[in-house]
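One structure is given below, encoded as structure tokens.
The values are calculated or read from the model by the stated rules, or taken from the named source; none is laboratory data. For clarity, every value in this text was computed on a predicted model and none was experimentally measured. No Cβ is skipped: glycine too gets one built from the backbone with ideal geometry, and neighbour counts run over all protein chains shown.
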Amino acid sequence: MKILKAENTDLENIVLLDKEMIGTDRRKEEIGEAVDQSRCLLVFEGSELAGVGFKR
């Protein structure tokens, strides 16, 4: 398992995973702000994105 800081280039993949887990894509702006502020972490299992975490 790897944990990395999200970059702006990861935004679409984060939104897709978030939509899969939560069922809505209305959070794209909020997620984008978290990525810009380095508060978004990505969890990978192998090369597959497995989760997203947000620091407060």
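For this structure, a couple of remarks:
- Selected residue (criterion: modelled with the lowest pLDDT) from residues of region 12-26 that are among the hydrophobic types (A, V, I, L, M, F, W, C) and touching a strand residue (DSSP E or B) at 6+ places or on another chain (Cβ under 7 Å): L17
- Members of region 18-40 found to be assigned to a strand (DSSP E or B) and touching a Lys or Arg at 6+ places or on another chain (Cβ under 6 Å), listed by number: none
- Screening E7, E29, E48 for residues that are at pLDDT 80 or above and surrounded by 10 or more Cβ atoms within 10 Å (Cβ to Cβ) leaves exactly one candidate, E7.
- Scanning region 35-51 for residues that are without any contact (Cβ under 8 Å) to a residue 12 or more places away in the chain, of a type outside the set (G, A, S) and farther than 14 Å from L11 by Cα turns up just one, E48.
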